[in-house]
């Protein structure tokens with residue numbers, strides 16, 4: 001009797017969950033097949049690593065573009081992403097990751113439906129009075145990072161007596177690029193001290 005046991009690759013299928021709002025809010029805004037493929041792949045890249053922030057970089061998408069279509073070159077990918085942003089299916093931001101400005105893309109709907117936090121209240125309780133510019137940056141951070149990361153980044157900054165949103169933003173960017181739970185962030189704090197983020201090429205961006 002033939003062996004009917006399936007291999008691990010055949011017997012296991014990974015599922016990527018998407019909320020109803022993705023289909024009711026994002027999908028109706030998509031204009032063509034290439035755009036749909038790109039938006040779905042953005043969702044896939046975000047959701048397959050649940051501990052990562054709510055965005056993917058352009059470099060990640062470019063590296064994976066061959067899986068979408070052999071004809072999806074860099075120019076077409078850029079145009080398709082711009083179209084998805086224009087139609088409201090994706091959000092585009094620019095982040096400083098490891099000293100380099102990178103284009104990042106996120107979904108316009110909450111793909112994981114994490115617990116919510118009041119980021120404005122946390123800022124006022126730990127940093128001080130809100131300004132319109134800071135409020136806009138806080139809104140952007142809410143779209144990009146998990147709530148737990150934001151809360152823990154505030155705690156790190158307060159513990160080190162670095163009560164500045166710029167400092168907190170750099171913590172989040174570092175976690176996004178290196179992995180929050182890799183231990184690298186805490187080792188660097190111990191090795192280089194709390195002034196690590198205010199030294200070097202981009203130190204002028206971080207306020208004490």
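Could you tell me whether residue 102 is without any contact (Cβ under 8 Å) to a residue 60 or more places away in the chain and more than 26 Å from residue 27 (Cβ to Cβ)? Even if it seems obvious, please write down each step before you answer.
Working: without any contact (Cβ under 8 Å) to a residue 60 or more places away in the chain: yes; more than 26 Å from residue 27 (Cβ to Cβ): yes.
Answer is yes for this residue.
What number goes with the only condition from (1) loosely packed, with under 15 Cβ neighbours inside 10 Å; (2) modelled with pLDDT under 85; (3) not in a strand (DSSP E or B) that residue 111 does not pass?
Answer for residue 111: the failing condition is (1).
Here are some residues: 69, 65. Which one is modelled with pLDDT under 85 and surrounded by 19 or more Cβ atoms within 10 Å (Cβ to Cβ)?
Details: 69 fails: surrounded by 19 or more Cβ atoms within 10 Å (Cβ to Cβ).
Only one candidate passes the filter, namely 65.
Go through region 150-172 and give me each residue that's surrounded by fewer than 21 Cβ atoms within 10 Å (Cβ to Cβ) and farther than 19 Å from residue 124 by Cβ.
Selection gives 160 alone.
Just checking, how many residues over region 1-39 are at pLDDT 70 or above, surrounded by fewer than 18 Cβ atoms within 10 Å (Cβ to Cβ) and part of a helix (DSSP H, G or I)?
Matching residues across region 1-39 total 11.
The values are calculated or read from the model by the stated rules, or taken from the named source; none is laboratory data. None of the values given here were measured: they were computed from a predicted structure. Positions of Cβ are backbone-derived with ideal geometry, glycine not excepted, and every protein chain shown enters the neighbour counts.
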